[in-house]
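Asker: After the structure tokens below, expect a handful of questions from me.
The numbers here are math on the coordinates, done by the rules we state, and not lab data. In this text the structure is predicted, and so the values were computed from the model without any measurement. Here Cβ is always computed from backbone atoms with ideal geometry, including for glycine, and neighbour counts include all displayed protein chains.
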Amino acid sequence: MKRLVFLLSAALLSSAQWIRVDSPGLELLTDEGEQAGRQLTARFEQVRSIFRNAGIADGPSRLRVFAFASAAEFHRYRPDSDGFYTPGADRDYIALHSGAESDRVACHEYVHLVLAHSSIPLPKWFDEGTAEFYSTVEFEKDHLRIGGVIPSHLARLAGAKWLDAASLERGAEGEGRMMFYAESWALVHMLNLAPAWRDGMPQFLLLLSQGKAPEEAFREAFNRTPDKALADLPAYLRSAHPARIPAALDHAGEPSVKRLTREEAAIARAELALNLRNPEFAAAIMNGAGDSPASEATRGAIALAENRRDEARRHLDRAIALGSRDASLYFEYAMLERENGRPDFPMLRKVLEIDPDFADAAFLIGIRETDDGDWKSAISHLRTATRIRPQKSGSWQALSYAQAKAGDFDGSAQSARRAIATAETDAERQAAQALLGLGSAERPLAKAPVTTPESWRGRKGDARAAGTLINFDCGGDHPRVHLREESGATVVFEILHPAEIELINAPQPTLQISCGPQNWRVTVEYESGSRDVTRIEFPL
């Protein structure tokens, strides 16, 4: 009887009319109606434009947003939550239910998406606190208002016992979860906006990107301990207020709207359930759907998730026979071939032919090419895997190994440090640590050192560009400077030798530029071949 009630409930919930709102940066699926769908899409596009104009990528995968009119249906996917972000094999997902806080939840989850693709391993408190810090962003004509005060957080901080620094570092579940959110928000607010703390933020992120442990990076960047920061928070919160920063927002244009069939809506929601590892719910959603290629592929994925291998193969075979071009389908088929000892390489190649950014397929192909000694191709595919999913330690480990075998020992060490920083288990951490010694073991003996005359030192560029420094991008293997020229074009320069850059007329003797949006009038000298910055001049 309980099973019958569950299926009937799912059928009733799926009877609503779902629509898809398509804009350049995302697709939004909702059952709340066209007006609400357009408004929420516009909110997402506004937030997306902040990062795009700052030169920060929002992620290489496609983004699908679900906005549920019913909180009850949303909570079937994730109980005790107002919204969530989760990466998938071939796309990113954000889901939320419509309500009074939906705009703030949308911003919060979008920041999670951006941070997940930043390649910098972040402490849990920093990740959640930053998402909350930007969740209140308001858009004005040529300014952004960030860091708005969140009354519910202030009330919780005023009326309950705070977490100590060690507890904040670990994160919190259950009864302490809401305090963790509130305290993380307050700490990030202070580190970003308090004069006594904000100058340390660029160094903190840089040290994290280099693989330093969060507590060690914190002490080195801010010259104080996390516990000292928490002790300063109550006084800071009594006068905390938002900041206004200059910003130019893009207009995404008018989105297109399509009404989905019940089958299309069921497939999309079943894929979300599968990505959350809930195949039973996915099967209930698909109950009564048709036999299109997409439906058959989804049923195959459900059967595979429930370990019904023979049934999965039948569904996937039928989907292929019906003409499916779904990359996920071919990847699932490749996994079946692998389990049965049959060649999976052709199917994996097919996956990348359909979707070149399918991270799991790129990773497995890179592993195979490493085994075959094809270092160049292996490194290319493994770089794709780390670019799409930069928080996976295993991908960085595989890349480090391939780079060492190819003779790129510096690159191998850098990838190994990323693997250590993103490790989630002791086994991952130990494997990554071992890779740090691999480059040393295989590195040929160094030649005798060469003494460089003083007159040769001091790198000089052969080209110059003037304009406004609009972003300092700390993601990737090294920092990058984004400069908007007078013509309006944006050019990107590399920071390959940060200690050797000469600063002329800098506003401070030792200038620290925060990661993210900037607004500095500068002239950049650089090497035209590598686009490596050699000098930055500030106007008098």
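Asker: In sequence order, what are the phi-derived ³J(HN,Hα) couplings for the stretch 366-380 according to the Karplus relation 6.51 cos²θ - 1.76 cosθ + 1.60 with θ = phi - 60°, rounded to whole Hz, with x for glycine and proline?
Answerer: The phi angles translate into x, 4, 4, 5, 5, 4, 7, x, 8, 4, 4, 5, 4, 4, 4 Hz.
Asker: Can you list residues whose amide H is under 5 Å from Trp18's amide H, if they're 5+ apart or on another chain and H is modeled 1.01 Å from N?
Answerer: Leu260
Asker: Give the long-range amide H neighbours of His97: residues separated by 5 or more places, or on another chain, with amide H under 5 Å away, using H modelled in the peptide plane at 1.01 Å from N.
Answerer: Under 5 Å from the amide H of His97: Phe68.
Asker: Would you please name the trypsin sites (Lys or Arg not before Pro) within the stretch 147-178 that are DSSP coil residues with at most 10 other C-beta atoms within 10 Å of their C-beta?
Answerer: Hits after loop and neighbour filter: Lys161.
Asker: Follow-up. Provide the packing ranking of 213-219, 303-309, 118-124, i.e. peptides ordered by the mean count of other C-beta atoms within 10 Å per residue, highest first.
Answerer: The densest-packed peptide leads the list: 118-124, 213-219, 303-309.
Asker: Per-residue counts of other Cβ atoms within 10 Å, averaged by peptide: what ranking do you get for 66-73, 424-431, highest first?
Answerer: Values: 66-73: 18.1, 424-431: 12.9.
Output ranking for 66-73, 424-431: 66-73, 424-431.
Asker: Compute the Cα gyration tensor for the chain, then decide on rounded, prolate or oblate, letting a ≥ b ≥ c be the square roots of its eigenvalues: rounded whenever a/c is under 1.5, prolate when a/b is larger than b/c in the other cases, and oblate in all that remain.
Answerer: Because a/c hits 1.5 or more and a/b fails to exceed b/c, the chain counts as oblate.
Asker: Pairs Lys405/Lys460; Lys212/Lys376; Lys212/Lys392; Lys161/Lys228; Lys124/Lys161; Lys350/Lys376: which are spaced more than 24 Å apart, C-alpha to C-alpha?
Answerer: With Cα atoms farther than 24 Å apart: Lys405/Lys460; Lys212/Lys376.
Asker: Multiplying the sequence separation of Ala213 and Arg62 by 0.36 nm and subtracting their Cα-Cα distance, what value in nm do you get?
Answerer: Residue separation times 0.36 nm, minus the Cα-Cα distance, leaves 51.2 nm.
Asker: Now for a separate question. If each of Gln203 and Lys124 carries a label point 7 Å out from its Cα toward its Cβ, how far apart are those two points in nm?
Answerer: Going by the 7 Å Cα→Cβ label model, 2.8 nm.
Asker: Which value in nm describes the separation of the simple spin-label points at Glu353 and Ser239, placed 7 Å from the Cα toward the beta carbon?
Answerer: According to this spin-label approximation, the distance is 6.6 nm.
Asker: Now for a different question. Which ³J(HN,Hα) values, rounded to whole Hz and listed in residue order, are derived for the stretch 241-248 from phi using the Karplus coefficients 6.51, -1.76 and 1.60 in 6.51 cos²θ - 1.76 cosθ + 1.60 with θ = phi - 60°, glycine and proline given as x?
Answerer: 8, x, 10, 10, 10, x, 6, 10
Asker: Quick one: Karplus J couplings for the stretch 268-283, per residue in order, coefficients 6.51, -1.76, 1.60, θ = phi - 60°, nearest Hz, x for Gly and Pro?
Answerer: For the stretch 268-283, the Karplus-derived couplings read 4, 6, 5, 4, 4, 4, 5, 5, 8, 6, 10, x, 5, 5, 4, 5 Hz, x marking Gly and Pro.
Asker: Any idea how far the Cα center of the stretch 356-382 sits from the one of the stretch 175-212, in Å?
Answerer: The distance from the Cα centre of the stretch 356-382 to that of the stretch 175-212 comes to 36 Å.
Asker: What is the gain in length, in nm to one decimal, between Ala72 and Arg262 on full extension, counting 0.36 nm per residue of separation less the C-alpha to C-alpha distance?
Answerer: Working: separation 190, 0.36 × 190 = 68.40 nm, distance 1.92 nm.
That works out to 66.5 nm of additional length.
Asker: Between Asn307 and Leu154, what FRET efficiency follows from the Cβ-Cβ distance if R0 is 45 Å, with the result rounded to 0.05?
Answerer: Working: r = 49 Å, r/R0 = 1.08.
That pair, Asn307 with Leu154, gives E of 0.40.
Asker: Once you place label points 7 Å from the Cα toward the Cβ at Ser81 and Gln17, how far apart are they in nm?
Answerer: 3.0 nm
Asker: Here's another thing I want to ask about it. Which FRET efficiency, nearest 0.05, do Glu424 and Lys161 yield, Cβ-Cβ r, R0 45 Å?
Answerer: 0.95
Asker: How much length is gained on full extension from Arg314 to Phe345, taking 0.36 nm per residue of separation minus their Cα-Cα distance?
Answerer: Taking Arg314 through Phe345 to full extension adds about 9.1 nm, to one decimal.
Asker: Could you work out the relative contact order of the chain? I mean the mean sequence separation of Cα pairs under 8 Å and 6+ apart, divided by the number of residues, in percent.
Answerer: Details: 912 pairs, mean separation 65.0, N = 540.
That works out to 12 percent.
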